[in-house]
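The values are calculated or read from the model by the stated rules, or taken from the named source; none is laboratory data. As the structure is a prediction and not an experimental result, all values here were calculated from the model. Neighbour counts run over all protein chains shown; Cβ positions are idealised from the backbone, glycine included.
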Amino acid sequence: MKKKLQVEAICKGTVIDHIPAGQGAKILRRLQLLDSELRITVGFNLPSEQLGLKDILKVENRLFTTKEANELSLFAPTATINVIEDYEVTRKFPMSTPDVLEGGFDCPNSNCISHNEPVEACFRVRKQDDDIRLKCKYCEKSFSKDIVAGI
């Protein structure tokens with residue numbers, strides 16, 4: 001059987017592949033890609049040998065920072081980031097959930113000093129069952145990744 005490309009190729013940019021089905025929309029919102037002028041190709045619930053179903057995001061003319069990749073890993077720890085140049089993958093790296101996540105998210109605890117002091121929010125990251133929990137460095141409260149991300 002001949003393989004058919006289900007999502008259009010891009011000339012230059014970033015492809016986030018192997019996103020667990022249903023997480024692609026969260027990533028689009030989290031990185032505020034929906035409000036951008038970037039050309040984005042999105043595939044939801046595509047067939048995947050590894051996951052059964054997967055989401056995929058292709059963002060033209062945009063490379064993701066390490067900080068953004070760390071944020072993405074909370075929602076798509078099985079994902080792979082592919083850097084595309086001239087329609088070819090020039091670099092490929094898997095996501096890895098960091099032990100510590102600095103900046104990017106605010107502490108959901110409104111009484112946390114990170115809201116009133118000139119410090120950047122910082123969380124210790126740990127996996128608990130099928131969830132990822134983030135514990136604030138300052139108030140020491142623990143939250144689900146979805147609460148911290150405001151999703």
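If the condition is being modelled with pLDDT of 90 or more and either in a loop (DSSP other than H, G, I, E, B) or within 20 Å of residue 14 (Cβ to Cβ) (or both), then the range 100-115 contributes 106, 107, 108, 109, 110, 111, 112.
When you look at residue 22, is it on the phi > 0 side of the Ramachandran plot and at pLDDT 90 or above, yes or no?
Working: on the phi > 0 side of the Ramachandran plot: yes; at pLDDT 90 or above: no.
No, not satisfied.
The single residue among 132, 84 that is of a type in the set (Val, Ile, Thr), within 19 Å of the chain's Cα centre (by Cα) and not assigned by TED's automatic domain parsing to the domain that holds residue 16 turns out to be 132. Taken over the range 98-138, the criterion of being surrounded by 15 or more Cβ atoms within 10 Å (Cβ to Cβ) and hydroxyl-bearing (Ser, Thr, Tyr) is satisfied by 114, 138. Restricting the range 14-42 to residues that are outside any loop (DSSP other than H, G, I, E, B) and charged (D, E, K, R) leaves a set whose member that is surrounded by the most Cβ atoms within 10 Å (Cβ to Cβ) is 17. Could you please find all residues in the range 140-151 being touching a helix residue (DSSP H, G or I) at 6+ places or on another chain (Cβ under 9 Å) and surrounded by fewer than 17 Cβ atoms within 10 Å (Cβ to Cβ)? Correct list: 146, 150, 151. One residue stands out in the range 43-86 among those that are of a type in the set (A, V, I, L, M) and assigned to a strand (DSSP E or B): the one that is surrounded by the fewest Cβ atoms within 10 Å (Cβ to Cβ), namely 53.
Got a number for residues in the range 122-139 being at pLDDT 90 or above and either closer than 15 Å to residue 150 by Cβ or of a type outside the set (A, V, I, L, M) (or both)? The number of residues fulfilling the criteria is 11.
Considering 148, 125, 89, which residue is among the aliphatic types (A, V, I, L, M), in a helix (DSSP H, G or I) and out of contact with any His (no Cβ under 6 Å at 6 or more places or on another chain)? On inspection, the qualifying residue turns out to be 148.
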